[in-house]
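First up is the structure itself, then whatever we jot down about it.
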Amino acid sequence: MNQVALITGASRGIGRGIALELAAVGWDLVVNYAGNQAAAEDTAKRCVEQAKEDGHTIRAEICQCDVGQAVDRDRLIVFTREQFGRLDLLVNNAGITSIGRADILDASEENWDALMAINLKGPFFLSQLAGRWMVEQNEADPSRRGKIVNVSSISAHTVSTNRGDYCVAKAGLGMVTKLFAARLADVGVNVYEVCPGVIASDMTAPVQAKYDKLIDEGLTPIRRWGEPGDVGRAVVALAQDYFPFTTGEVLNVDGGFTIRRI
Ligand code: NAP
């Protein structure tokens, strides 16, 4: 029986990249999306094809859910139970950028609340639901070791004064990782944080020219844009249990951005 991963925001960008890489190593998938059903269907189809190419038979099912809404999160977990009856990996990937990218002296509470619901509250309460289920699974069979991976960002530790809410949410996600890592270690559930750098996706498309220039000028020692698959492969490494004695840890997928240089 295949292991099952639930990936939020898997219709496009990094989430799709994670889905494709997990499919390639034979995971069944729940592909969550917010509104773009056609993109989610395309991800699911591509995942099944990718798995086949790599010698696996998998299922990939799509499920609409706004991770910022409690009733939707409940429905997503119920859907996963009904479709697959098990959960081995939750990837909290869904996220939005700062609405309007306003300077912190002008930023609005309304936009702050909207972003926090999706980028911080959603992952916390989805981890709670997944965590309860993983406790249940471990009690039924102590060899079952679920995992949670939170997709954070270099913005967790790097300021952008026109995206304050985004930075605060990602910094908060670091504490979510540590909290659930500490709480769930006794039931064999490891929790990790992946911090992507500049990754080519719809989110970064509007600022492509800015980052083209910065990368060209040496923003990162590895002088290229990251691809969704770069993040996907990092998640696969964590998901496949190569780090059994590591939890609450951060994996930077940022081309070396965090190295201080003179
Ligand atoms: P993206 O291309 O804009 O894709 C966003 C994905 O999230 C889509 O699948 C979208 O679904 C989904 N989504 C948005 N709001 C949602 C909600 N309320 N509920 C459920 N799903 C929702 O973004 P991305 O660049 O792949 O970013 C993915 C994650 O990586 C985010 O957490 C982001 O903060 C983080 N990240 C990105 C970068 C980067 O350079 N791109 C760097 C660091 C971290 P629909 O298709 O239905 O709209």
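What to note about this one:
For (1) buried (at least 20 other Cβ atoms within 10 Å of the Cβ); (2) charged (D, E, K, R), each residue gets a yes or a no:
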| site | (1), (2) |
| --- | --- |
| LEU129 | no, no |
| ARG132 | no, yes |
| ASP141 | no, yes |
| SER152 | yes, no |
| CYS167 | yes, no |
| ASP186 | no, yes |
| TYR192 | yes, no |
| ILE199 | yes, no |
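- Conditions (1) modelled with pLDDT of 95 or more; (2) more than 16 Å from the ligand (Cβ to nearest atom); (3) within 20 Å of the chain's Cα centre (by Cα); number of the one not met by LEU126: (2)
- Pair list, Cβ under 9 Å, 6 or more apart: the stretch 112-139 residue farther than 18 Å from GLY248 by Cα, other residue of a type in the set (S, T, N, Q) and assigned to a helix (DSSP H, G or I): TRP133/THR80
- Test: residue in the stretch 201-209 that is of a type in the set (Gly, Ala, Ser) and part of a helix (DSSP H, G or I): yes
- Checking LYS147 against (1) within 16 Å of the ligand (Cβ to nearest atom); (2) closer than 23 Å to VAL194 by Cβ, the condition it does not meet: (1)
- From the list ARG86, ARG12, ARG46, the one residue that fits, being among the charged types (D, E, K, R) and within 15 Å of the chain's Cα centre (by Cα), is ARG12.
- Residues that are assigned to a helix (DSSP H, G or I) and touching a Gly at 6+ places or on another chain (Cβ under 8 Å), drawn from the stretch 134-152: MET134, GLN137, ASN138
- Subset of the stretch 78-104 [closer than 23 Å to PRO196 by Cβ and in contact with a strand residue (DSSP E or B) (Cβ under 9 Å, 6 or more places away or on another chain)]: ASP88, LEU89, LEU90, VAL91, ASN92, ASN93, ALA94, GLY95
- Pairs meeting the criteria (first residue in the stretch 1-22 and farther than 19 Å from THR204 by Cβ, second residue assigned to a strand (DSSP E or B) and away from the ligand (no atom under 14 Å from the Cβ), beta carbons under 6 Å, at least 6 apart or on different chains) are ASN2/ASP28; VAL4/ASP28; ALA5/LEU89; LEU22/ALA5.
- Residues in the stretch 192-239 that are touching a Phe, Trp or Tyr at 6+ places or on another chain (Cβ under 9 Å) and of a type in the set (Asp, Glu): ASP212 alone.
- Candidates are the residues of the stretch 185-198 that are more than 13 Å from the chain's Cα centre (by Cα) and in contact (Cβ under 8 Å) with a residue 60 or more places away in the chain; the one that is nearest to ASP230 (Cα to Cα) is GLY197.
- Matching residues in the stretch 169-184 - criterion: being surrounded by fewer than 17 Cβ atoms within 10 Å (Cβ to Cβ) and either touching a residue at least 60 places away in the same chain (Cβ under 8 Å) or among the acidic types (Asp, Glu) (or both): LYS178, ALA182
The values are calculated or read from the model by the stated rules, or taken from the named source; none is laboratory data. In this text the structure is predicted, and so the values were computed from the model without any measurement. Please note: Cβ atoms are built from the backbone with ideal geometry, for glycine as well, and neighbour counts cover all protein chains shown.
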